[in-house]
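Reviewing the structure listed below.
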Amino acid sequence: MTMQIECPHCHAQNRLEATRLHEAPNCGACHQPLLSGAPIAATKESLPLILKNSKLPVVIDFWAPWCGPCQQFGPTFAAAAKEIAGKMLFVKVDTESQPELGNQFRVRSIPTLLVVEGNAELERVSGALSPGQFKAWLMQFL
């Protein structure tokens, strides 16, 4: 199945076969790495493909644009995604534009963070974490 991934460098939309997620694909426009550590914005169509085809643990941030703690946590999530690139895949789900995913994953408050490997949810935590807390939480899954 094909999914859309926005390039973190030039913001071009790239069609990518989900089975190629583990191949370190490059952007068709600027030729920079698509998965260079920037979180992937997921939709109800792309998240199942990401979870099915990722060979890495997937960290999902369920957030909303109007949520103050979500906005404060965003840079922490992005920094961890860049630092741990290649060991984990970082995904953001905007629960405002993708409410079905919030319902599917039983998200009751935001931000909610999940670590998923294969089809199994390994752990979840609700609330914004400090950079140190977030990194410590992630290290248990590496």
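The values are calculated or read from the model by the stated rules, or taken from the named source; none is laboratory data. The model shown is predicted, which means the values in this text are computed figures rather than measured ones. Methodologically, a virtual Cβ is constructed for each residue, glycine included, from the backbone with ideal geometry; neighbour enumeration extends over all protein chains shown. Quick note on the areas: whole protein, heavy atoms, side chains included, nothing else; ligands and nucleic acids left out. Shrake-Rupley method; radii C 1.70, N 1.55, O 1.52, S 1.80 Å.
Which members of region 47-80 meet the condition of being under 15 Å from residue 102 (Cβ atoms) and open to solvent by less than 30 Å² (accessible area, probe 1.4 Å)? Within region 47-80, 47, 60, 61, 62, 64, 67, 70 qualify.
Given the condition modelled with pLDDT under 95, assigned to a loop (DSSP other than H, G, I, E, B) and of a type in the set (Val, Ile, Thr), answer yes or no: does some residue in region 39-47 qualify? Taking every residue of region 39-47 in turn, at least one turns out to be modelled with pLDDT under 95, assigned to a loop (DSSP other than H, G, I, E, B) and of a type in the set (Val, Ile, Thr).
Scan region 87-112 for residues that are within 15 Å of the chain's Cα centre (by Cα) and charged (D, E, K, R) and the total you get is 3. Here the condition is being over 26 Å from residue 24 (Cβ atoms) and polar (S, T, N, Q); of 97, 54, 46, it holds for 97 alone.
Only residues that are hydrophobic (A, V, I, L, M, F, W, C) and surrounded by 15 or more Cβ atoms within 10 Å (Cβ to Cβ): list them for region 93-127, please. Residues satisfying the conditions are 93, 101, 105, 107, 110, 113, 114, 115, 116. Which pairs turn up if I take residues in region 73-84 that are closer than 16 Å to residue 127 by Cβ and look for partners that are charged (D, E, K, R) with beta carbon separation below 9 Å, at least 6 apart in sequence or on another chain? Between residues of region 73-84 that are closer than 16 Å to residue 127 by Cβ and residues that are charged (D, E, K, R), the close pairs are 73/61; 74/61; 74/92; 76/135; 77/61; 77/92; 80/135. Scanning region 79-127 for residues that are in contact with a strand residue (DSSP E or B) (Cβ under 8 Å, 6 or more places away or on another chain), outside any strand (DSSP E or B) and aliphatic (A, V, I, L, M) returns 80, 81, 84, 101, 107, 110. Taking region 128-140 as the range and being part of a helix (DSSP H, G or I) and open to solvent by 30 Å² or more (accessible area, probe 1.4 Å) as the test, the residues that pass are 131, 132, 133, 135, 136, 139.
If a residue must be in a strand (DSSP E or B) and either surrounded by 15 or more Cβ atoms within 10 Å (Cβ to Cβ) or polar (S, T, N, Q) (or both), how many such residues does region 4-37 contain?
Our first condition is that a residue be in a strand (DSSP E or B); within region 4-37, this holds for 4-6, 13-17, 26, 33.
Next cut, either surrounded by 15 or more Cβ atoms within 10 Å (Cβ to Cβ) or polar (S, T, N, Q) (or both) only: 4-6, 13-14, 16, 26, 33.
Matching residues across region 4-37 total 8.
Residue 51 satisfies every condition listed in (1) more than 11 Å from the chain's Cα centre (by Cα); (2) in a helix (DSSP H, G or I) except (1).
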